[in-house]
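The values are calculated or read from the model by the stated rules, or taken from the named source; none is laboratory data. Quantities reported herein were computed from a predicted structural model and do not represent experimental measurements. Surface areas here come from the heavy atoms of the whole protein model, side chains and all, with no ligands, DNA or RNA. Shrake-Rupley method; radii C 1.70, N 1.55, O 1.52, S 1.80 Å.
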Amino acid sequence: MSPRSALLLVASWLVFPGQALAADSTELTPEKVAKIRRDEAQALAEVNAEYGNRKSSEMSTAERREAIDKQKAASASVLEKHGVSGKDFARYEARMSPEDNARAKAEDQRLAEAAKAAKQPAPAAAPEEVHVQQGFSDQDPVELEAMEGAEPSIDVGVPKDAELPQ
């Protein structure tokens, strides 16, 4: 074996495992398909809202062409964001089994519920009773709001609003 072929052999050992790992990171799953579909639907809804949610028959030819171009760009940007080519995505979707479609639908429902829960404000907790203490203790009071140079005020006795036992 010549030194050149040995070098190529060693180099191939370093290159091919890296390609295999890169292919695994972009591998499509039903869960990833659900995320892509959801993001794509949201992007297309934004484009449709930009054109007043009108039907294509209600638009002029120029507006229809612009809307279609923006929809294509939005779909392409979603696929690019997820690191998937349009060809691979379409091929995977076409070959999905019924079980994969069920998993994708379940994931889509889970994402919808999560988005709905994120939009709703958290329920307010019941107000807790707060214990108010004047100072560190009754024997060592502390004034929290005192003016500089003013004499300390010490309240002695029962508060005016307290009920006396009879």
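What accessible area, in Å² to the nearest ten, does a 1.4 Å probe give for Asp39?
So the heavy atoms of Asp39 present about 40 Å² to solvent.
What length, rounded to one decimal in nm, is gained on full extension from Ser60 through to Ser2, with 0.36 nm per residue of separation minus their alpha-carbon distance? Walk me through the numbers on the way to the answer.
Working: separation 58, 0.36 × 58 = 20.88 nm, distance 6.94 nm.
Roughly 13.9 nm would be gained on extension.
Sorted by accessible area with a 1.4 angstrom probe, largest first, how do Tyr51, Tyr92 fall? Write out the running numbers ahead of the final one.
Working: Tyr51 25, Tyr92 60 Å².
Solvent-accessible surface, decreasing: Tyr92, Tyr51.
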